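The values are calculated or read from the model by the stated rules, or taken from the named source; none is laboratory data. Just so you know, these numbers come straight off a predicted model, no measurement behind them. All Cβ positions, even for glycine, are placed from backbone atoms using ideal geometry, and neighbour counts span all protein chains on display.
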Amino acid sequence: MDVVNVTEDAEAFTCNAYLVLGDQVTLVDAGAMEGVVDEIREYTDHLDAVVLTHQHADHVVELDAVVEAFDPPVYGYAEHPLRTREIDDCDELRIGDELFEVVYTPGHAPDHVALVSETALFSGDVVVYNDAAFEDGSFGRTDKTGQSRERLIQSLETLLDRLPATVETLYAGHGDVFEGDVRAVIERALDRARRREPKYPEE
């Protein structure tokens, strides 16, 4: 699968916005980096879809600019002024050249979804490989209004239940792309979440 992180060079805080090339050219999250449209145009002159893992600001600030530039259908779990396609748990979407299943994974955000194919996982913020808190298995924070550590734990358990054994690449909303035993990364994140330890000292 041909995937480009088009916010990789951002200087301000943003999520990883992934441009997936192939039969169905798709942007997974729009990010918050000014100039993301120009980055996308380095690889393609059209988008077949934008899929939102959730609607926290760092994932959607540039959505207006992306829609204005490419006029793609926008897929999301929750309502948004620019959403044109509603997605729900167990729906299937073609992203690039692969078929992905939508897995509803709230906790970090009430509208959070992950996207799972036979080879890859776009996890948004439900699980990340590394961040400022943990290496080799972390998860989105759960200390803000509308967030729930208990619900995030359930979401990680669900993700493990529905993760094919063949998945070897993790594209998370923050941190590095991970290649290898994705299940083990999720299991480590789940273990840390179950301990109920604060992710950050102020949590």
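Go through segment 1-14 and count every residue that is under 16 Å from the mean Cα position of the chain (by Cα), of a type outside the set (A, V, I, L, M) and not in a loop (DSSP other than H, G, I, E, B).
1
For segment 118-133, give me each residue that is in a loop (DSSP other than H, G, I, E, B) and of a type in the set (Gly, Ala, Ser).
We begin by selecting, within segment 118-133, every residue in a loop (DSSP other than H, G, I, E, B); these are 118-119, 125-127, 129-133.
Once the filter is applied, which keeps residues that are in a loop (DSSP other than H, G, I, E, B) and of a type in the set (Gly, Ala, Ser), segment 118-133 yields 132, 133.
Taking segment 162-203 as the region of interest, how many residues are of a type in the set (Asp, Glu) and in contact with a strand residue (DSSP E or B) (Cβ under 9 Å, 6 or more places away or on another chain)? Break it down into steps so the answer makes sense when it comes.
Start the filter on segment 162-203 by keeping residues that are of a type in the set (Asp, Glu), which leaves 168, 176, 179, 181, 187, 191, 197, 202-203.
Those left that are additionally in contact with a strand residue (DSSP E or B) (Cβ under 9 Å, 6 or more places away or on another chain): 168, 176, 179.
Within segment 162-203, residues that are of a type in the set (Asp, Glu) and in contact with a strand residue (DSSP E or B) (Cβ under 9 Å, 6 or more places away or on another chain) number 3.
Only one of 141, 162 is touching a Lys or Arg at 6+ places or on another chain (Cβ under 8 Å), of a type outside the set (Asp, Glu) and in contact (Cβ under 8 Å) with a residue 60 or more places away in the chain. Can you tell me which? Steps first, please.
Details: 162 fails: touching a Lys or Arg at 6+ places or on another chain (Cβ under 8 Å).
None of the other options fit; the residue is 141.
Going through segment 134-173 one residue at a time, which ones are of a type in the set (Gly, Ala, Ser), in a loop (DSSP other than H, G, I, E, B) and within 20 Å of residue 106 (Cβ to Cβ)? Steps first, please.
From segment 134-173, those of a type in the set (Gly, Ala, Ser) are 137-138, 140, 146, 148, 155, 165, 172-173; that's our starting set.
Narrowing the set further to residues that are in a loop (DSSP other than H, G, I, E, B) leaves 137, 140, 146, 148, 165, 173.
137, 140, 146, 148, 173, listed by residue number.
Would you point out the residue of segment 185-199, among those that are charged (D, E, K, R) and closer than 14 Å to residue 131 by Cβ, that is modelled with the highest pLDDT? Explain how you work it out, then say what you get.
Within segment 185-199, the first condition is being charged (D, E, K, R), and the residues that meet it are 187-188, 191-192, 194-197, 199.
Checking the rest, the ones that are also closer than 14 Å to residue 131 by Cβ come to 188, 192, 199.
Values: 188: 97, 192: 94, 199: 77.
The residue in question is 188.
Identify all residues within segment 15-32 that are buried (at least 24 other Cβ atoms within 10 Å of the Cβ) and assigned to a loop (DSSP other than H, G, I, E, B); write none if there are none.
15, 16, 17, 29, 30, 31
Test of understanding: among 165, 172, which residue is within 18 Å of residue 103 (Cβ to Cβ) and surrounded by fewer than 13 Cβ atoms within 10 Å (Cβ to Cβ)? Outline the logic, then answer.
Working: 172 fails: surrounded by fewer than 13 Cβ atoms within 10 Å (Cβ to Cβ).
From the options 165, 172, the qualifying one is 165.
Might you let me know whether segment 67-74 holds any residue that is under 15 Å from the mean Cα position of the chain (by Cα) and not in a strand (DSSP E or B)?
Taking segment 67-74 as the starting set, the residues that turn out to be under 15 Å from the mean Cα position of the chain (by Cα) are 74.
Right, trim to not in a strand (DSSP E or B) and you get none.
Checked segment 67-74: no residue is under 15 Å from the mean Cα position of the chain (by Cα) and not in a strand (DSSP E or B).
Taking residue 43, is it out of contact with any helix residue (DSSP H, G or I) (no Cβ under 6 Å at 6 or more places or on another chain), in a strand (DSSP E or B), over 23 Å from residue 160 (Cβ atoms) and hydroxyl-bearing (Ser, Thr, Tyr)?
On the way: out of contact with any helix residue (DSSP H, G or I) (no Cβ under 6 Å at 6 or more places or on another chain): yes; in a strand (DSSP E or B): no; over 23 Å from residue 160 (Cβ atoms): yes; hydroxyl-bearing (Ser, Thr, Tyr): yes.
For residue 43, the condition - out of contact with any helix residue (DSSP H, G or I) (no Cβ under 6 Å at 6 or more places or on another chain), in a strand (DSSP E or B), over 23 Å from residue 160 (Cβ atoms) and hydroxyl-bearing (Ser, Thr, Tyr) - is not met.
Rundown of residues vs (1) touching a residue at least 60 places away in the same chain (Cβ under 8 Å); (2) among the aliphatic types (A, V, I, L, M), yes/no style:
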residue: 83; (1), (2): no, no
residue: 88; (1), (2): no, no
residue: 94; (1), (2): yes, no
residue: 98; (1), (2): yes, no
residue: 103; (1), (2): no, yes
residue: 112; (1), (2): no, no
residue: 116; (1), (2): no, yes
residue: 119; (1), (2): yes, no
residue: 124; (1), (2): yes, no
